[in-house]
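Please read the structure below before turning to the comments.
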């Protein structure tokens, strides 16, 4: 029987969370769960919609498993946790939720006994439930937690969409949603939510119940990430930690620096993604399976993204991807030599005809030499008197009272993978305008292989998503320049 003192303590949620539940620590030892400083910071400041960008192994999934079990048991709330795969979901349920429940005092369990239990769900007699799965649709939830949402967005974009349109909608106003993840490239819901919520946090804007509240937890906030110093830091890390202190006010101890140095030896270029020091660092790393990962690593190291020198006296080439009733993309590139290309601008849109894009060309302050399009521009349409878009482009449109036409060069049709390889080669000679090409650069960095969920590996073909059109247009550049085309230095005005 519970004493009066115990009954009083059990009414205090904070006390319950830090004294009542058992977990297994990293050595396999059964211990009482106690929130870390990072977990307390989240617990004390949580909003209705929360997004956590974090370093690895900070225990937020464990905290949420315990919090949701507590909500179900003591507050009769319905809760769900989503993981990116069924084995991970069942593992979390078995090792976190079920493990903690099984080790509760019998008096606590008898106060709200189980009426249903399986490998992914506990349902309690007096109300409340906790479910761990890969999705959730139907019913109503008070608490929803999505673990590693960034990785779900990157590898399983359709599943991410189902979570947003299904599981999110199961949580009404007054309910709680938490998205938690390390970063995985500059794309997808997680990246977009992080960008917007961090901006609102920096501007100290008031949040509505449907706005996402931004939390960032770096590796250096965890005192466990420190080891004894056994060797001096390389000069690049000395400079790195100096920049962190000067530019961002991040001061770390010598033991923390030693830990970072040692961990980096194992993770290599993935270190900043898995253990970011500042939010921007987390998304600076290329996504897994990205075709141009190594090329952009070199581009960033060489400082080839920024403000470009003024070469407005030189003409511009354009490279197109021609979608049908969907997105179309154009890259604007100057050739300075056979080993130097300035990528000066990028444009994409959807649901518009060729007239719109010709108007874009006309309004840009560039002199054009050549325009390159994929081979399917020659395909004839049932519309326009069975003319191809190549024919329509030659005839032109009346724009601002003048006839504008474009004479496209048709890029040789080769295999996609051959084109990607040629693009990898040309990227070593490219420098990008940081602002005008921001969207296009993001597409190139995140253009990646499709993930085979069943086999657990990358497929040999690209994933078709929002990055595809920009990447396909840039591939036209890689293939066309492989032929060493020469450009006309002084084009005739209005002769596109």
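Read the figures in this text as sums done on the coordinates, not as results from a lab. Worth saying up front: this structure is predicted, and the values here are computed from it rather than measured. Here the Cβ is made from the backbone with ideal geometry for all residues, glycine too, and neighbour counts use every protein chain on show.
Of interest is the spacing of the C-alpha centroids, which for the range 141-173 and the range 4-65 amounts to 22 Å.
When 210, 17, 233 are ordered from fewest to most other Cβ atoms inside 10 Å of their Cβ, what list results? Could you put the intermediate results ahead of the total?
Numbers: 210 10, 17 20, 233 16.
Ordered from fewest to most neighbouring Cβ atoms within 10 Å, 210, 17, 233 come out as 210, 233, 17.
Roughly what percent of Cα-Cα pairs across the range 4-217 reach past 21 Å? Considering the range 4-217, 53 percent of its Cα-Cα pairs are separated by more than 21 Å. Extents of the range 305-481, taken as max minus min of Cα coordinates on every principal axis and listed largest first, are 56, 45, 25 Å. In a fully extended conformation the segment linking residue 310 and residue 116 would gain 62.9 nm over its present Cα-Cα distance, using 0.36 nm per residue.
Helix-only arithmetic for the chain: the sum of -39500 (n - 2.57) across DSSP H runs with n ≥ 4, divided by the residue total, places the mean residue ellipticity at 222 nm at -10500 deg cm²/dmol. Using a ≥ b ≥ c from the Cα gyration tensor of the range 30-79 (square roots of the eigenvalues), is it rounded, prolate or oblate, where a/c under 1.5 gives rounded and otherwise the larger of a/b and b/c decides, a/b for prolate? Oblate, since a/c reaches 1.5 and b/c is not below a/b.
When all alpha carbon pairs of the chain are counted in 20 Å bins from zero, the resulting P(r) reads 20, 44, 27, 8, 1 %. Length available on full extension from residue 195 to residue 24: 0.36 nm per residue minus the Cα-Cα distance, which gives 58.1 nm.
Counting only the Cα atoms, the range 388-431 fills a convex hull of 114 Å³ per residue.
Within 10 Å of each residue's Cβ, count the other Cβ atoms and sort 333, 152, 230 from fewest upward.
Details: 333 23, 152 26, 230 8.
Listed from fewest to most nearby Cβ atoms, that is 230, 333, 152.
Here the calculated FRET efficiency for residue 340 and residue 245, from their Cβ-Cβ distance with R0 = 41 Å, stands at 0.70, rounded to the nearest 0.05.
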